[in-house]
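Quick note: the coordinates plus some simple rules give every number you see, no bench work behind them. What you see is a predicted model; the values in this text were computed from it and never measured. Quick reminder, even Gly has a Cβ in these numbers, built from the backbone with ideal geometry, and neighbours come from all protein chains shown.
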């Protein structure tokens, strides 16, 4: 009877304090005092000792006693409990046991949400949490540990949590979310609403990853000074080493971006014919809804469906309402289809001036640079490449395009012409330094340019040595020689 009364009193206390500020309190304060509270402290001690030894089955019973009787004792009850139950679910081969463990795991998240304000009031900065964070973790554990997972249920959980967390969503959560959205789409390929959900989920996931990865590249902890005289071209340029914090971001979000791209490519969701069928009627119905039109333009452009009729229709409607970057780009695309390059460039320039996102400004600037290169306007092309790099210093393509301009500009005798190719190689090295994904293209281009270096056999008799500084095209480079 005494124990029943104690449990009831603890439950009442939990309800009353869940909305109170418990800052400055100790575990003893939050459990209470007396004989029964000693039992809870004993349970805490026993489970923590077993937890340290990774004896999770042994730890489960005392942990559950503390969890049920003293839900506000400490935040660790929730995090330790979730970890233990995840391990037990994976280890067990008994389906009934798996379900039992899973039900307890879900209860942890529900109870933590109920007591969130009270728990946060005494938590440290490291253990303080948010509703969105807990919902995301619950969704992740439901998706991966539920014995009979329902993709629609998991999807709804993920969306609720991610909508709350936004760009702060953790990498592992995004990984689970995009996989869940993908599987939900595979089960409902004929459902256009679910197809649109998956497309939007992919774009949002990719945007979060791209933004964080771009930010990470800005933080360099160290660098390895390049050696221009080395025979190994990979050592010519200074190599940037990311800080541990930046590397942690890359390790968390790069695999997510790779996974999202892999799933999206394999899904076939962005088939242009399918997208045109989906959006044709909807664009007409939303021709005065600028937000919707811009969303359609972004989706069609992202999946290289920007030469479809519906893309141009949406662009015209959007441009009539308001001159936005998306609408201007669409107008440019339409003109390019008709080979009106100069007209297209004007709309690209308008998009750059209207756009506030640096990454998109860089993308549009690079597009103009590429068009100018095709026209042979090399000086203007380089100017737009430099503008691209102002907006996005990690754009390796802008360096490679400048390298092409420099090589294409080579004039003079063989020695003077070789200076241009040395400078072009410098730009190739810069490309792969700031953008490792461009390394293959950069190395291939550098090899082609190196074939035009001045020969050592002729340099020897002229007293010319590799490694000396030379000026060309208004810049300084290091002379390199070929065998």
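Bridge orientation summary for the chain: considering DSSP beta bridges with both residues in this region, about 80 percent are antiparallel. Axis of helix 309-321 versus longest Cα principal axis of the chain: the two differ by about 80°, to the nearest ten degrees. A simple packing score, the average count of other Cβ atoms within 10 Å per residue, orders the peptides 83-96, 145-158, 455-468 as 145-158, 83-96, 455-468, with the highest score first. Using only alpha-carbon positions in the chain, the gyration tensor eigenvalues give semi-axes of 56, 32, 19 Å once each is multiplied by 5 and square-rooted (largest first).
Applying 1/(1 + (r/R0)^6) with R0 = 56 Å to the Cβ-Cβ distance of residue 100 and residue 457, what FRET efficiency is obtained, to the nearest 0.05? Each step should come with its number before you reach the end.
Numbers: r = 80 Å, r/R0 = 1.43.
Efficiency, from the Cβ-Cβ distance: 0.10.
Taking 0.36 nm per residue of sequence separation and removing the Cα-Cα distance, the residue 76/residue 126 pair yields an extension gain of 16.9 nm. Tell me the angle of helix 171-187 to the major Cα principal axis of the chain, expressed in degrees between 0 and 90 and rounded to the nearest ten. For 171-187 against the chain, the angle is about 90 degrees. The label point for residue 408 and the one for residue 339, both projected 7 Å from the Cα toward the Cβ, are 1.9 nm apart.
Between the beta carbons of residue 113 and residue 390, assuming R0 = 45 Å, the FRET efficiency works out to 0.50 to the nearest 0.05.
Relative to the longest principal axis of the Cα atoms of the chain, the long axis of helix 192-216 lies at roughly 70 degrees.
For region 353-464, the convex hull drawn through the C-alpha positions has a volume of 99 cubic angstrom per residue. Here each label is just a point 7 Å from Cα along the line to Cβ, and for residue 475 and residue 374 those points are 2.4 nm apart.
Computing Rg and the Kirkwood Rh from the Cα coordinates of region 318-369 gives a ratio, Rg/Rh, of 0.95.
I'd like the FRET efficiency for residue 53 and residue 144, computed as 1/(1 + (r/R0)^6) with the beta carbon distance as r and R0 of 25 Å, rounded to 0.05.
With R0 = 25 Å, the Cβ-Cβ based efficiency is 0.50.
Computed extension gain for residue 285 through residue 41, at 0.36 nm per residue and net of the alpha carbon distance, reaches 81.5 nm. Overall form of region 80-172: oblate. Here a/c, set by the Cα gyration tensor axes a ≥ b ≥ c, is 1.5 or more, and a/b is not larger than b/c. Site pair residue 448 and residue 93 shows an inter-label distance of 5.9 nm when each label is modelled 7 Å from Cα along Cα→Cβ.
Helix content alone sets the calculated 222 nm mean residue ellipticity of the chain: runs of n ≥ 4 DSSP H residues at -39500 (n - 2.57) each, divided across all residues, give -23000 deg cm²/dmol.
The length gained on full extension between residue 358 and residue 482, counted as 0.36 nm times the residue separation minus their Cα-Cα distance, comes to 40.6 nm. So, in Å, what gap is there between the alpha-carbon centers of region 345-398 and region 154-184? Between the Cα centres of region 345-398 and region 154-184 lies a distance of 33 Å.
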